[in-house]
Amino acid sequence: QKEVEQNSGPLSVPEGAIASLNCTYSDRGSQSFFWYRQYSGKSPELIMSIYSNGDKEDGRFTAQLNKASQYVSLLIRDSQPSDSATYLCAPLTGTASKLTFGTGTRLQVTL
Amino acid sequence: KAGVTQTPRYLIKTRGQQVTLSCSPISGHRSVSWYQQTPGQGLQFLFEYFSETQRNKGNFPGRFSGRQFSNSRSEMNVSTLELGDSALYLCASSGDSEQYFGPGTRLTVT
């Protein structure tokens, strides 16, 4: 079993729709969770962090965390073509700053 | 506030050579982590330095090493380069738990 699992996609959504990205993780000791966006040829950009069970909203982005189910998700409302990128889920492992990344979900927002 | 900087941005080396990459974290951040990104393996953790000490290490061979200076700048070194070391090398700067990535160094080994 992989430590962090994401559907590789591509996930195709029309402009203006809600994109739903999912991630499961195996380390029950993970306490902090991050979503990064990576455009092709660029480095990952932090877009959301979540530390407690429940929802956290920031603009068009909502992160959801369920530690009991070891599940974290990212919702993107009113998707725009500029949201087309690979989204990486990364739990923080242990006391040191080690991020374990999933393979990422490629999102395509179509006109 | 300036972001994370990495030098050089691009590098071409020959098998057997060694290479040193540099990373300057965000001002005030004391933790620097290094990651390797390849199409086949994705993003993998190399090591993390905090206050000049290696605090955590990933599953990479001893050819990969690093260090951190008193000003928090960090370097990573890869000795005896192999073709499989071709990758994007990313450093991430952290002040608490959130990590911010630099633009990366694209290393090509021929």
Seminar exercise, completed: If we ask which residues in the stretch B:80-110 are at pLDDT 95 or above and more than 7 Å from chain A (Cβ to nearest Cβ), their number turns out to be 19
For this session: For the stretch A:9-16, state whether one or more residues are touching a helix residue (DSSP H, G or I) at 6+ places or on another chain (Cβ under 7 Å) and either among the charged types (D, E, K, R) or at pLDDT 95 or above (or both).
Result: yes
Exercise. Among (1) crowded, with 19+ Cβ neighbours inside 10 Å; (2) within 22 Å of A:Q38 (Cβ to Cβ), which single condition is B:P39 missing?
Worked result: (1)
Exercise. In this structure, does A:S52 turn out to be within 25 Å of B:T38 (Cα to Cα) and of a type in the set (G, A, S)?
Worked result: no
Seminar exercise, completed: Of the residues in the stretch B:55-68, those that are modelled with pLDDT of 95 or more and among the polar types (S, T, N, Q) come to B:S65, B:Q68
For this session: Tell me which residues, restricted to the stretch A:30-80, are buried (at least 19 other Cβ atoms within 10 Å of the Cβ) and more than 20 Å from A:L99 (Cα to Cα).
Result: A:I76, A:S79
Exercise. Any idea how many residues of the stretch B:81-96 are within 20 Å of B:R106 (Cβ to Cβ) and not in a strand (DSSP E or B)?
Worked result: 6
Exercise. Could you give every pair whose Cβ atoms fall below 9 Å, whose first residue belongs to the stretch B:8-21 and is closer than 14 Å to B:Y89 by Cα, and whose second residue is in a strand (DSSP E or B) and acidic (D, E), counting only separations of at least 6 or pairs across chains?
Worked result: B:T20/B:E75; B:L21/B:E75
For this session: Could you tell me which residue of the stretch A:81-101 is nearest to A:S8 (Cα to Cα), considering only residues that are buried (at least 19 other Cβ atoms within 10 Å of the Cβ) and in contact with an Asp or Glu (Cβ under 6 Å, 6 or more places away or on another chain)?
Result: A:T100
Seminar exercise, completed: Selection over the stretch A:70-103 where residues are in contact (Cβ under 8 Å) with a residue 40 or more places away in the chain, within 14 Å of chain B (Cβ to nearest Cβ) and part of a loop (DSSP other than H, G, I, E, B) yields a count of 5
Exercise. In this structure, does B:Q44 turn out to be under 17 Å from A:F101 (Cβ atoms) and either in contact with a strand residue (DSSP E or B) (Cβ under 9 Å, 6 or more places away or on another chain) or of a type outside the set (D, E, K, R) (or both)?
Worked result: yes
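The values are calculated or read from the model by the stated rules, or taken from the named source; none is laboratory data. Bear in mind the structure is a predicted one, so any value in this text is a computation, not a measurement. Every residue, glycine among them, receives a Cβ derived from its backbone with ideal geometry; neighbour counts consider all protein chains shown.
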